[in-house]
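**Q** Got a structure for you, written out below as structure tokens; questions coming shortly.
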Amino acid sequence: MPSSQVELKSVTSPRQIRLGDSDAARPSGLPKHKHLAEAAEEQVDRIRKLQQKLYADARFALLVVLQGRDASGKDGTVRKVFSGVNPMGCDVTSFKAPTEIEQEHDYLWRVHERIPPRRMIGIFNRSHYEDVIVPRVHKSISRQTLSDRFKQINDFERMLAENSVVILKFFLHVSRDEQKKRLKERLEDKKKNWKFRAGDLEDRALWDKYTKAYREAIASCSTSWARWHIVPADDEDARDLLVATKIADTLDGLGLRYPPLDPDLEGIKIK
């Protein structure tokens, strides 16, 4: 399946940031629903093959940032999209509330130490964007501090990009009804109870405020070196296909190659 049929467009203008409930639905133009999982698996296999080249090539690192509301599917995206990669070349970081030690440092300190080295894929399940979204919603920082942080994040990501870290940022956009359905599943399914927290309902009550915060963060920090991509996430298979295709296409566009044999080893005979 040609990847152009399912291409996620980068956010290059605030006009592209559409976060209404209808914008979370499965996009038209994708394969029929029964073929979505199969199409996603093809892209997962592309990632598997390209990761081998990324690791051997050793010129780049790939950082994948996943943001979204509670129950938007961040965990599921990691499980599906990266199901074929070699664990030795992949690292997942899930950012929780800062610890006491982390709070004694600048807010990017804990993030920088988790940036993947060259040849590796790093995945952020939530990220440094929590430090501009949550404080904005709860009004715990000033507008000036918020503006400063947007600039600092852009400078930070530009520095990473200039040092061979390829950055892909995905906002998994889920509708109110779909989130409600998934939160109810967490309450009713004993295997998912552990995922539910009281704060999920508190955040849901602040839906509109979070929407404004996400919109501002995306608009302020979708740069030429680290673009945001808004992923309709109500349909899990469509979500996985869109994210996997973007990652595979990005890796494919790096011109990855296997290093040649060391000239000193040419002609060597193994007894």
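Please treat every number below as a calculation from the coordinates, not as lab data. As the structure is a prediction and not an experimental result, all values here were calculated from the model. Cβ: placed from backbone, ideal geometry, glycine included. Neighbour counts: every protein chain shown.
**Q** Going by amide H atoms built from the backbone, whose H comes under 5 Å of the H on Trp228, apart from near neighbours?
**A** Under 5 Å from the amide H of Trp228: Val11, Thr223.
**Q** Would you grab the residues whose amide H sits under 5 Å from the one on Gly68? Only those 5+ places off in sequence or on another chain, please, with H modelled 1.01 Å from N.
**A** Leu172
**Q** While we're on this one: Please list the non-local residues whose amide H lies under 5 Å from the amide H of Ile167, H modeled 1.01 Å from N, same-chain partners needing a gap of 5 or more.
**A** Leu63
**Q** Here is a further query. Of the candidates Lys246, Lys184, Lys49, which one comes out as most mobile in a Gaussian network treatment of the chain with C-alpha springs shorter than 10 Å?
**A** Lys184
**Q** Kirkwood-based Rg over Rh for segment 3-255 (C-alpha set), two decimals?
**A** Details: Rg = 17.7 Å, Rh = 18.8 Å.
Value, to two decimals: 0.94.
**Q** While we're looking at this one, here's another question. Apply the Karplus parameterisation 6.51 cos²θ - 1.76 cosθ + 1.60, with θ equal to phi minus 60°, to every residue of segment 107-124 and state each ³J(HN,Hα) to the nearest whole Hz, in sequence, with x for glycine and proline.
**A** Listing the rounded values in order: 5, 8, 4, 5, 6, 4, 6, 9, 5, x, x, 4, 6, 9, 9, x, 10, 9 Hz.
**Q** Order of Leu183, Leu108 from fewest to most other C-beta atoms within 10 Å?
**A** On the way: Leu183 18, Leu108 15.
Listing Leu183, Leu108 from fewest to most nearby Cβ atoms yields Leu108, Leu183.
**Q** Shifting gears a bit: In what sequence do Arg118, Arg239 fall when counting other Cβ within 10 Å, fewest first?
**A** Details: Arg118 15, Arg239 28.
Neighbour counts put them in this order, fewest first: Arg118, Arg239.
**Q** Please state the charge dipole magnitude for the chain, taken about the Cα centre, from unit charges on C-beta atoms (+1 on K and R, -1 on D and E), reported in debye and rounded to the nearest 20.
**A** Values: 49 positive and 42 negative charges, 83 e Å.
Here the chain has a charge dipole of around 400 debye.
**Q** Let me ask another. Have a look at the DSSP beta bridges in the chain and tell me what percent are antiparallel, nearest 5. Please list the in-between numbers first.
**A** Details: 2 of 25 bridges.
That works out to approximately 10 percent antiparallel.
**Q** Roughly how big is segment 67-194's charge dipole about its Cα centre, with Cβ charges of +1 (Lys, Arg) and -1 (Asp, Glu), in debye to the nearest 20?
**A** Rounded to the nearest 20 debye, it is 660 debye.
**Q** Continuing with the same structure: For segment 23-29, take each phi angle, set θ = phi - 60°, evaluate the Karplus expression 6.51 cos²θ - 1.76 cosθ + 1.60, and give the result in whole Hz per residue in order, putting x for glycine and proline.
**A** Working through the residues one at a time gives 6, 8, 6, 4, x, 6, x Hz.
**Q** Return the sequence-ordered ³J(HN,Hα) values of segment 185-197 in whole Hz as given by the Karplus equation 6.51 cos²θ - 1.76 cosθ + 1.60 applied to θ = phi - 60°, using x for Gly and Pro.
**A** Each residue's phi maps through the Karplus curve to give 4, 5, 6, 8, 9, 4, 6, 10, 3, 5, 7, 7, 9 Hz.
**Q** When a footprinting reagent is the concern and you count Cβ atoms within 10 Å, what order do Ile133, Ile230 take, fewest first? Each step should come with its number before you reach the end.
**A** Details: Ile133 20, Ile230 25.
Ranking Ile133, Ile230 by Cβ neighbours within 10 Å, fewest first, gives Ile133, Ile230.
**Q** For segment 141-196 and segment 214-257, write down the distance between their C-alpha centroids in whole Å.
**A** Measuring centre to centre over Cα atoms gives 13 Å.
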